[in-house]
Amino acid sequence: MTDKYHKTWNAETACVHAGYERGTAEQGLNTPIVTSTAFDYSRDDQVRYPRYMNTPNHRVVANRIAALEGAEAAFVTASGMGAVSAVFLGLMKPGDHAILLDGLYGGTTDLIEGLLKPYGFEFSTWDGNPVSLASLVQENTKLAWVESPTNPLLRVIDLEATAEILRERDIVSVVDNTFATPILQQPIKLGFDLVMHSATKYFSGHSDLLSGAVAGSEELIARIRPQAVRLGSSLNGQDLYLLERSLKTLALRVERQSANAAAVAEWLEARENIARVYYPGLEADAGHGIAARQMRAFGGMLGFRLGDAVSPDRFLRKLELITPAVSLAGVESTICQPSRTSHAKLAPEARDALGIDDRLMRLSVGIERVEDLIADLEQAVEAGV
Ligand SMILES: Cc1ncc(COP(=O)(O)O)c(C=O)c1O
């Protein structure tokens, strides 16, 4: 018996059960890890090969992610960038045009600058205001790409208004939902066509697995997936199983991380030596109103700017519990300077224009006890003065 997924399940239930196929491995509750790269095709005439994304481990995880996003279909890749590149190459050809939210994740910008532009793909940047979106549309515009909340300034985009403008003009809308996860935000229900994930982040959640995913309609997924296969972006069976296992606790982790982040953001906001806090859960944050409408909670990521009296290097060195690290969304809290990590490849002028300098910190709040996190931040801010 196969349960693809149950349409009425809530996210917490879907995390644990969606996509799981009963009746395998002596009725075991876990999906067996299929390690084969060669399969006998003589009995059912099926050509199976892991790069074609047609193994049981791929199917279960893809169906679970589709269920969580409220999508018809999904596929899983060996990294978030494997998913990003497949979407662009699946929906565009040289000479086509795409609209990009300004300040996207540095790796996405690097793909565009280093590969897609030199091959003749055309792009315009959008400031995120729905009012200015329509004026960027050209005859050859095929897709628009946004993130919400953004990395690292946690800017919130009105997804419903954006999707409506794009849909009226037949432009495919894509959102990188890595920061929010489907636990907090389901862009497809707000009218978006495609959702992309760096599954390396909240989906895997333990800082030990590189992976990505795309979810959307059967029709769009059928156009994009072959590019991921051609590019060799498929994930192996062992890692697919790890991802399946991690997804079971996604809702629990994200809820705790969001609650911790909200408490840390409020604490930072009240500190003298913190110049600014970027967190859509704060009432003073510019994105609060929209975030409150389109998100269930405000997420585990926040940004803050150290005041002039605090040395960024000393602050980072003094942290004892929170680790300076490049990736994010693990169960353990990590922190980084985007100017030296995620956005290091951007030209200095582009970084300055976005407000990404050495005083800006991006904090990924984990599942620890929040009092311990605040105590660590407090002693490091004091020591940094
Ligand atoms: C928002 C966002 N999108 C995409 C990516 C790329 O994902 P990956 O590193 O898994 O290739 C990242 C990685 O940090 C990210 O933060």
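For the subset of segment 193-241 comprising residues that are assigned to a strand (DSSP E or B), closer than 17 Å to Cys15 by Cβ and aliphatic (A, V, I, L, M), which member is farthest from the ligand (Cβ to nearest atom)? The selected residue is Ala215. When segment 278-309 is filtered for residues that are buried (at least 24 other Cβ atoms within 10 Å of the Cβ) and either of a type in the set (Val, Ile, Thr) or in a helix (DSSP H, G or I) (or both), only Ala291 remains. Looking across segment 17-53, the residues that are among the hydrophobic types (A, V, I, L, M, F, W, C) and open to solvent by less than 60 Å² (accessible area, probe 1.4 Å) come down to Ala18, Ala25, Val34, Phe39, Met53. Among residues of segment 230-242 that are within 14 Å of Ala83 (Cβ to Cβ), those with a Cβ under 7 angstrom from a residue that is part of a helix (DSSP H, G or I) and open to solvent by 60 Å² or more (accessible area, probe 1.4 Å), sequence gap 6+ or separate chain, pair up as Gly232/Arg51; Ser234/Arg51.
Rundown of residues vs (1) assigned to a loop (DSSP other than H, G, I, E, B); (2) under 16 Å from Gly80 (Cα atoms), yes/no style:
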{"position": "Ile99", "(1), (2)": "no, no"}
{"position": "Leu104", "(1), (2)": "yes, yes"}
{"position": "Glu113", "(1), (2)": "no, no"}
{"position": "Pro118", "(1), (2)": "yes, no"}
{"position": "Ser124", "(1), (2)": "no, no"}
{"position": "Val131", "(1), (2)": "no, no"}
{"position": "Lys142", "(1), (2)": "no, no"}
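When Gln379 is tested against (1) more than 16 Å from the ligand (Cβ to nearest atom); (2) crowded, with 23+ Cβ neighbours inside 10 Å; (3) among the polar types (S, T, N, Q), just one condition goes unmet, and that condition is (2). Among the residues of segment 313-327, just one is crowded, with 16+ Cβ neighbours inside 10 Å and modelled with pLDDT under 95, namely Ser327. Val146 meets all of the listed conditions (1) at pLDDT 95 or above; (2) closer than 27 Å to Asp239 by Cβ but one, namely (2). The single condition from (1) polar (S, T, N, Q); (2) open to solvent by less than 10 Å² (accessible area, probe 1.4 Å); (3) more than 15 Å from Phe192 (Cβ to Cβ) that Asn63 fails is (2). How about segment 58-81: which of its residues are part of a helix (DSSP H, G or I), more than 15 Å from the chain's Cα centre (by Cα) and more than 16 Å from the ligand (Cβ to nearest atom)? Listed by number, the residues that qualify are His58, Arg59, Val60, Ala62, Asn63, Arg64, Ala67. Per the conditions (1) in a loop (DSSP other than H, G, I, E, B); (2) in contact (Cβ under 8 Å) with a residue 24 or more places away in the chain; (3) not small (Gly, Ala, Ser), the sole criterion not satisfied by Val84 is (1).
Kindly indicate which of Thr162, Thr178, Thr150 is without any contact (Cβ under 8 Å) to a residue 60 or more places away in the chain, within 11 Å of the ligand (Cβ to nearest atom) and not in a strand (DSSP E or B).
Going through Thr162, Thr178, Thr150 in turn, the sole match is Thr150.
Scanning segment 181-196 for residues that are within 21 Å of Phe123 (Cα to Cα) and touching a residue at least 60 places away in the same chain (Cβ under 8 Å) yields Leu194, Val195, Met196. Can you confirm whether segment 97-110 contains a residue that is free of Cβ contacts under 8 Å to residues at least 40 places away in the same chain and surrounded by fewer than 20 Cβ atoms within 10 Å (Cβ to Cβ)? No, segment 97-110 has no match at all. Scanning segment 216-230 for residues that are more than 28 Å from His288 (Cβ to Cβ) and under 17 Å from the mean Cα position of the chain (by Cα) turns up at least one hit.
From the list Ser258, Ser233, Ser211, the one residue that fits, being open to solvent by less than 20 Å² (accessible area, probe 1.4 Å) and assigned by TED's automatic domain parsing to the domain that holds Arg296, is Ser258.
Go over the candidates Glu378, Glu332 one by one and state the one that is of a type in the set (D, E, K, R) and closer than 19 Å to Thr178 by Cα. Among Glu378, Glu332, only Glu332 is of a type in the set (D, E, K, R) and closer than 19 Å to Thr178 by Cα. Does any residue of segment 198-218 turn out to be of a type in the set (A, V, I, L, M) and closer than 24 Å to Asp102 by Cβ? Yes: segment 198-218 contains one or more residues that are of a type in the set (A, V, I, L, M) and closer than 24 Å to Asp102 by Cβ. Screening His343 with (1) part of a loop (DSSP other than H, G, I, E, B); (2) open to solvent by 10 Å² or more (accessible area, probe 1.4 Å); (3) in contact with a helix residue (DSSP H, G or I) (Cβ under 6 Å, 6 or more places away or on another chain) gives one miss only, at (2).
The values are calculated or read from the model by the stated rules, or taken from the named source; none is laboratory data. Everything numeric here is computed off the predicted structure, so don't read it as measured data. Cβ atoms come from the backbone with ideal geometry, glycine included; neighbour counts cover every protein chain shown. Heads up: the accessible areas ignore ligands, DNA and RNA and are worked out on the full protein's heavy atoms, side chains in. Shrake-Rupley method; radii C 1.70, N 1.55, O 1.52, S 1.80 Å.
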